[in-house]
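S.K.: Questions regarding the structure given below will be posed in turn.
The values are calculated or read from the model by the stated rules, or taken from the named source; none is laboratory data. Source: prediction; values computed, not measured. With ideal geometry, Cβ positions are generated from the backbone for all residues, glycine too; neighbour counts draw on all protein chains shown.
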Amino acid sequence: MPLFKTPADMAQVIRHKHLSDTYKPELLTQIVDELADPSKCLVMVASKSFEDASLPIHEKWYKFNYSLEKFSEARINELKTA
């Protein structure tokens, strides 16, 4: 906040940490590559139709069952070429 001394500066307080005034295409490419990499994604599927037997892990505090599975290499390759 000490950087913002005038009313015109104060108008920039909200956008200050979230907006870059310089265009860096290499940084944008790097960010998009990270976000679009299917090997780094988390997919959550929720449904009341899942059977408890197929959900072996029990969450103690919120009292629900769930399972964790990794994508196969074949599935990751499919997603990368989609």
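S.K.: Criterion first (at negative phi, among the polar types (S, T, N, Q), modelled with pLDDT of 85 or more and touching a His at 6+ places or on another chain (Cβ under 9 Å)) does Asn65 satisfy it?
M.R.: In short, yes.
S.K.: Among the residues of segment 31-74, count how many are of a type outside the set (Phe, Trp, Tyr) and under 19 Å from the mean Cα position of the chain (by Cα).
M.R.: Summing the residues that are of a type outside the set (Phe, Trp, Tyr) and under 19 Å from the mean Cα position of the chain (by Cα) in segment 31-74 gives 19.
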